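Here is the structure we will look at.
The values are calculated or read from the model by the stated rules, or taken from the named source; none is laboratory data. Since we're looking at a predicted model, the values are computed, not measured. No Cβ is skipped: glycine too gets one built from the backbone with ideal geometry, and neighbour counts run over all protein chains shown. Accessible surface areas use protein heavy atoms only, side chains included; no ligands, DNA or RNA. Shrake-Rupley method; radii C 1.70, N 1.55, O 1.52, S 1.80 Å.
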Amino acid sequence: MTQTLESREATTKNTDRLKIYKTSPELFDAMMALSNAAAKDLDVELGELIKIRASQMNHCAFCLDMHTRDARKHGVYEQKIDLLAAWREAGGLFSERERAALALTEAVTDLRDGPVPDDVYAQAAEVFSERELGQVVAMAVTINAWNRINAAMVQQPPRRR
């Protein structure tokens, strides 16, 4: 059964959801350990771009709010954040490594057409060491897990002015 966006929104407006990190703090601890392991030896700015792009694809407002703010704190240019959803069309704004990581992130995030295509993997393998490549994949997998937990619990970003 396919839901429209309107019907999906209607099913989440008045539903009290489990505060999963309070009822299962070990889950939060495990996710943080996975996040820290994925980030080890990975450029912080690149990691934030990966997290933002996957969160855009997964419509995770909570993670988008958090990671766009984190990206700014870590010095990612505002224009990169603004154009991330259209990174392929943004010309030379994104480096070869960033483009390879973003293509790989998209392939890991959207598996509807099957596994990560060979050309996407090969492109990433050309610009990253084996260690870095593993970290990029782990970062994409990790943010996808966070996105899915937050979507299941309908975690909302804090309101700011």
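Just a few scattered comments:
- The lysines whose alpha-carbon is closer than 26 Å to the alpha-carbon of Lys19, local same-chain residues fewer than 8 away aside, are Lys51.
- Only helices enter this figure: runs of n ≥ 4 DSSP H residues, each worth -39500 (n - 2.57), summed and divided by the residues of the chain, yield -20500 deg cm²/dmol at 222 nm to the nearest 500.
- Expressed as a whole percent, the proportion of Cα-Cα pairs in the stretch 53-147 lying more than 22 Å apart is 26%.
- Surface exposure of the stretch 19-89, expressed per residue as accessible area with a 1.4 Å probe, stands at 57 Å².
- Fraction of accessible area attributable to carbon and sulfur, the chain (%, probe 1.4 Å): 53 percent
- Top positive-direction residue, dipole computed over the chain with Cβ charges, set Ala101, Thr68, Leu46: Thr68
- Computed from Cα positions, the angle between helix 25-39 and the longest principal axis of the chain comes to roughly 20 degrees.
- Each principal axis of the chain carries a Cα extent, and these read 47, 38, 34 Å when sorted largest first.
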